[in-house]
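A short worksheet on the structure shown next.
The values are calculated or read from the model by the stated rules, or taken from the named source; none is laboratory data. Because the structure is predicted, anything quoted here is derived from the model rather than measured. Positions of Cβ are generated from backbone atoms using ideal geometry, with glycine treated the same way; all protein chains shown enter the neighbour counts.
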Amino acid sequence: MQLQNMLRQKIGWLESKGKSPGIAISSRVRLARNLNRIPFPQKASRREQEESFEKIKGACEEIAYFKGAPILNLQEFDRVDRQFLLERHLISYEHSRGDGVRGLVIGDRELLSLMINEEDHLRLQGIQSGLELQQAWDILKQIDEQMDKKLDYAFSPEIGYLTACPTNTGTGMRASVLMHLPALVMNEEINKVLQALNKIGMVARGLYGEGTKVMGDLFQISNQVTLGPNEEGIIDNLERVVKQVIDYEIKGRKTLFKESKEKVMDVVYRAYGVLVNARQISFAETMEFLSKVRLGIYFDLGLDTKLDILNELTILTQPAHLQESVGKELVPSKRDFIRAEMIREKLKSGK
């Protein structure tokens with residue numbers, strides 16, 4: 001029932017607000033924290049996992065940002081349910097597949113969430129629409145400070161926050177921006193950008209983060225270094241880099257439209273035509289065509305839709321979402337029919 005209710009609720013970070021929403025779809029900040037004197041989740045006994053779960057749950061119930069928030073026990077959810085939460089960017093791939101006592105706390109409009117007993121005891125997450133890393137961090141910082149008063153964090157004065165993976169030690173912060181970069185892909189400049197990012201301690205990942213593939217020309221650009229710079233330094237550095245990537249993408253779009261206007265228009269209108277008329281479509285195709293329609297909105301080609309709807313379709317047309325919407329598991333071909341019908345209805349209704 002909780003997941004059915006979520007299907008009917010609007011996700012806050014899908015609204016095309018904030019800075020550069022046509023390219024920077026969303027900004028996310030995630031903090032890894034562990035409890036002192038309790039083994040990391042993967043090394044903890046079931047009793048110890050239950051202990052950390054109850055302590056974190058109790059702290060959340062006393063914090064204003066999570067007052068009345070659903071606290072889910074993932075042991076009670078099946079594979080499709082967990083995939084649904086992954087598709088909404090509320091849990092990681094590892095959390096969706098893990099064993100043991102695991103949980104999830106979901107804040108208002110899904111702008112805030114907290115994973116319990118993933119790789120670390122808790123992973124706090126804040127997401128905002130557009131390029132709004134500082135706004136996401138400001139809210140998350142307040143929650144982290146309040147949690148710190150309720151829980152005994154594992155912390156070293158010399159190193160910082162102690163985490164299960166050494167690459168997260170220090171600030172425990174992973175900040176990222178989900179970016180739509182079709183021009184860099186079409187102009188075959190994306191590999192140069194990705195290589196440049198790697199040289200300065202940044203990384204680009206797929207739609208669901210680490211270990212996932214890129215779809216629909218969507219890239220998650222995030223920091224790799226957590227030890228050394230402070231949180232503000234990480235946020236400032238990533239925002240500066242993202243702004244440079246946005247500039248490259250804008251230049252690429254201008255070049256595309258100047259040198260290949262008719263080709264771009266044809267690609268966009270064909271993509272829109274497929275989406276509003278198809279009777280069967282895969283998720284990979286959906287993401288490909290949504291990417292082209294996004295580009296058409298940017299170039300103001302008179303398409304009868306808006307970014308909010310395209311953002312929403314990116315989430316709602318995923319496999320687990322379609323299965324949750326009908327309350328049963330579906331074979332891929334049946335999902336393709338339901339997906340096509342949903343896309344037609346959304347694009348034609350305009351809401």
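Summary table below
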{"read-out": "Residue check, Thr305 among the β-branched types (Val, Ile, Thr), in contact (Cβ under 8 Å) with a residue 40 or more places away in the chain, under 25 Å from Gln318 (Cβ atoms) and outside any helix (DSSP H, G or I)", "value": "yes"}
{"read-out": "Failed criterion for Glu239 (all others in (1) within 27 Å of Val80 (Cβ to Cβ); (2) charged (D, E, K, R); (3) touching a residue at least 40 places away in the same chain (Cβ under 8 Å) hold)", "value": "(1)"}
{"read-out": "Glu158 being part of a helix (DSSP H, G or I), free of Cβ contacts under 8 Å to residues at least 12 places away in the same chain, closer than 23 Å to Leu227 by Cα and not assigned by TED's automatic domain parsing to the domain that holds Val268", "value": "no"}
{"read-out": "Cβ-Cβ under 6 Å pairs, at least 6 apart or on other chains, segment 263-277 side under 23 Å from Glu345 (Cα atoms), far side not in a helix (DSSP H, G or I) and not basic (Lys, Arg)", "value": "Val268/Leu301; Tyr272/Leu303"}
{"read-out": "Candidates Ile281, Ile309, Ile297, filtered to the one that is under 21 Å from Gly18 (Cβ atoms), hydrophobic (A, V, I, L, M, F, W, C) and more than 19 Å from the chain's Cα centre (by Cα)", "value": "Ile297"}
{"read-out": "Residues being within 18 Å of Thr305 (Cα to Cα) and surrounded by fewer than 23 Cβ atoms within 10 Å (Cβ to Cβ) - total across segment 21-39", "value": "2"}
{"read-out": "Met287 vs. criteria under 26 Å from the mean Cα position of the chain (by Cα) and not assigned by TED's automatic domain parsing to the domain that holds Pro21", "value": "yes"}
